[in-house]
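Let me begin by presenting the structure, written as structure tokens, before commenting on it.
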Amino acid sequence: MNLEMVMQELEALGKERTKKMYGSNGAQEPLFGVATGEMKPIFRKTKINQSLAEQLYSTGNYDAMYFAGIIADPKAMTEADFERWMDAAYFYMLSDYVVAVTLAETEIAQAVADKWIASGEELRMSAGWSCYCWLLGNRPDGEFSESKLANMLDIVENTIHDSPERTKYAMSNFIYTVGVSYVPLHDQAVKTAKAVGPIEVKRDKTTSKFLNASDNIQKAVDKGRIGFKRKHVRC
């Protein structure tokens, strides 16, 4: 399949209700409103195809950019490629669920994520913390430095309440993911979650919601999910 064929199939799968939902979360035109599960039949036709992924991502169409992440070959991408993709990731569903997910399947994942966390830019920071969540939820505990992750928990505890809104979500999820998927630091993650307490994030100028990593970790404990690992990062 070429670019034109994929775009035609994506457009045919678009639904106005889904389009409105994506728009309410920050997606901008152009977009079709394709549910992610509806993309699987197209993937069976394209398979992994990095050159096509690059063409799709460069369209600026949200659905095409998302599908690009599904068919990308992470091992063929360089740090410069990921930086370029991040430059075009204008809201969290691209930064955290396309770029960070794809990065998590590479050997350079931690190094790039570390740079993004230290960048001071909201979506890069969010993608960096999110990448660690994808990594921790998939890779064996032995692939990580316990002292490094412990230090990252300390950073979250000391900075989360003053961080950009979208970064707060990713940092809260990092506490949760360490508590659930990285057994050596379960206890520290529990302590961090309690120390941080509820985290207020602003949805818009007038409304807020509160994140509570402590409650979410406890729910995972109650369900016997401590040590949970995914078989695959990307679906």
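The values are calculated or read from the model by the stated rules, or taken from the named source; none is laboratory data. Since the model is a prediction, treat every value here as computed from it, not as a measurement. No Cβ is skipped: glycine too gets one built from the backbone with ideal geometry, and neighbour counts run over all protein chains shown. Surface accessibility is based on the protein's heavy atoms, side chains included, excluding ligands, DNA and RNA. Shrake-Rupley method; radii C 1.70, N 1.55, O 1.52, S 1.80 Å.
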Problem set entry | Loop sites in region 28-79: trypsin sites (Lys or Arg not before Pro), DSSP, at most 15 other Cβ within 10 Å | K47
Seminar exercise, completed: Taking the convex hull of the alpha-carbon atoms of region 110-214 and averaging its shadow over every direction gives an area in square nanometres of 6.0 nm²
Exercise. What ratio of Cα Rg to 2.2 N^0.38 Å holds for region 100-151?
Worked result: 1.05
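Can you tell me the dipole magnitude for the chain around its Cα centre, using point charges on the Cβ only (Lys, Arg +1; Asp, Glu -1), in Debye to the nearest 20?
Roughly 860 debye for the chain.
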Exercise. Carbon-plus-sulfur fraction of the accessible area of the chain, 1.4 Å probe, in percent?
Worked result: 50 percent
Exercise. So what's the Cα pair-distance distribution over the chain, bin width 5 Å, in %?
Worked result: 1, 7, 14, 17, 18, 16, 13, 9, 4, 1, 0
For this session: Report Rg (one decimal) and Dmax (nearest whole number) for region 1-59, counting Cα atoms only, units Å.
Result: 11.7, 31
For this session: Excluding residues on the same chain fewer than 8 positions from K205, give the aspartates and glutamates whose Cα lies under 19 Å from its Cα.
Result: E122, D162, E165
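Could you tell me which trypsin sites (Lys or Arg not before Pro) in region 165-215 are loop residues by DSSP with no more than 13 other beta carbons within 10 angstrom of their beta carbon? Show your work: numbers first, answer last.
On the way: sites: R166, K168, K191, K194, K202, R203, K205, K209; in loops: R203, K205.
Answer by residue number: R203, K205.
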Problem set entry | Sum of -39500 (n - 2.57) over DSSP H runs of 4+, divided by residues of the chain (222 nm, nearest 500) | -17000 deg cm²/dmol
Seminar exercise, completed: Listed by chain and number, the aspartates and glutamates with an alpha carbon less than 19 angstrom from that of K229, same-chain partners under 8 positions apart left out, are D96, E105, E107, D141, E143, E146, D187
